[in-house]
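Let me begin by presenting the structure, written as structure tokens, before commenting on it.
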Amino acid sequence: MIRRLAKLFFQLLILVGFLLLLVVAISWLRAAWVEGKTVQQAAPISGRWLRADDVEMYVQEFGDPKATPLLLTHGTGAWSGIWDQNVQAMASAGYRVVAVDLPPFGFSTRPASRDYSRPAQARRIAGLIDSLQLGPVTLLGHSYGGGPAAEAAMLAPDKVRQLILLDAAIGLLEKPEAADDGLTTKLLGVSAFRTAMVTTLFTQPMFSEFWLRQFVARKEVVTASRTAIYQQPFAVNNFSAGLGDWAAQFASEHGQSLSETPAGFRKLGMPLTLVWGEKDTITLPSQAKALQVLTQNARLVLLPGVGHIPQIEDPALFNLEIQKILKQK
């Protein structure tokens, strides 16, 4: 009986391993088939590309071209298109809204250096502000995009008149940590592995709704049409490989940027507003309160009933609160 059970267990392991390999192979083939368009072929015609340091950054613009500029940076897995329910409300507050795609997300070109560090992204934001020739801007950074936004405000304070952080993933550290040489970091260092992981788990359309639901408190907002917006960049050439390159670097960053330090926020000169979903389980409201303590003039706005992506969970509430903030100038 023991031999039979052992044999059955071994056969099940082989079957599970075979099925996993099959899923990986199918996902890889799907990516190779689908990810064939240039950014110019895949992007909505409503946007344009502008030089931003070492990349051509895709932007979409709304509102009066002569109005005060407002730059929007998005979170992980997102792009400029996810602000579709918010940009008109922002424009009506008297702003020229510029929603950007941070590489490797969306339709911006990818840097030859494959450098997606927070300082590199901050230099791209600063470069974009120069290309827009708009002078100091109001900069709003959401989730992952909050880190580069804060870094840009610290590295180029003359280019940012006001900073708004929306459920920002800052990762405050009292001091830089040693590099993580764990198994995950080592595996992500292998290009073929990380690309296979991304194509199987993250750019596989059948999992898109599942992942999006993990970031929101109001699960009902994750509809097929909303998910389709997040999936639009999946058609870009080698999109999964680009995300893999980003993930490898993101996983190994440990307090090497100014915006991860309390000192960076203590020295922040421009007005800072923190907007946070009260039910955010990704970047907890306690992180917003910690940031508020570090800066003397920071204002904290907690949004009830929503989680990590307030702009899609309750657009009416978010738009109302963001309009109040923007009109205060």
### Query
Right, Leu258: over 16 Å from the mean Cα position of the chain (by Cα) and surrounded by 21 or more Cβ atoms within 10 Å (Cβ to Cβ) or not?
no
#### Entry: Close pairs (9 angstrom Cβ cut-off, 6 or more residues apart or separate chains): of a type in the set (Gly, Ala, Ser) in the stretch 261-286, modelled with pLDDT under 95 anywhere
Ala263/Leu294; Gly264/Ser257; Gly264/Leu258; Gly264/Leu294
### Message
Condition first: basic (Lys, Arg), more than 16 Å from the chain's Cα centre (by Cα) and on the phi > 0 side of the Ramachandran plot. Can you find one or more residues in the stretch 64-79 that meet it?
### Response
no
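Yes or no, residue by residue, for (1) touching a strand residue (DSSP E or B) at 6+ places or on another chain (Cβ under 8 Å); (2) not basic (Lys, Arg):
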position	(1), (2)
Thr227	no, yes
Gln249	no, yes
Ser252	no, yes
Lys267	no, no
Leu272	yes, yes
Trp276	yes, yes
Ile282	no, yes
### Query
Residue check, Tyr230 against (1) touching a helix residue (DSSP H, G or I) at 6+ places or on another chain (Cβ under 7 Å); (2) aromatic (Phe, Trp, Tyr); (3) over 21 Å from Phe207 (Cα atoms), all met but one. Which one?
(3)
### Query
Could you list, in sequence order, the residues of the stretch 36-72 that are out of contact with any helix residue (DSSP H, G or I) (no Cβ under 8 Å at 6 or more places or on another chain), at pLDDT 95 or above and basic (Lys, Arg)?
Arg48
### Task
Please go through the stretch 206-223 and pick out each residue that is surrounded by 16 or more Cβ atoms within 10 Å (Cβ to Cβ) and not aromatic (Phe, Trp, Tyr).
Ser208, Glu209, Leu212, Val216, Ala217, Arg218, Val221, Val222
### Task
Could you grab me the full set of residues in the stretch 224-240 that are among the aliphatic types (A, V, I, L, M), surrounded by fewer than 21 Cβ atoms within 10 Å (Cβ to Cβ) and in contact (Cβ under 8 Å) with a residue 24 or more places away in the chain?
Ile229, Ala235
#### Entry: Pairs, first touching a residue at least 24 places away in the same chain (Cβ under 8 Å) and buried (at least 24 other Cβ atoms within 10 Å of the Cβ) in the stretch 66-81, second assigned to a strand (DSSP E or B) and of a type in the set (Gly, Ala, Ser), C-beta under 6 Å, six or more apart
Leu72/Ala99; Thr73/Gly141; Ser80/Ala99
### Query
Among the helices (runs of 4 or more DSSP H) contained in the stretch 274-329, which hold 2 or more residues that are loosely packed, with under 14 Cβ neighbours inside 10 Å?
285-294, 315-328
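The values are calculated or read from the model by the stated rules, or taken from the named source; none is laboratory data. Only a predicted model underlies this, so the values are computations on that prediction, with no experimental measurement involved. Every residue, glycine as well, gets a Cβ built from its backbone with ideal geometry; the counts of neighbours run over all protein chains shown.
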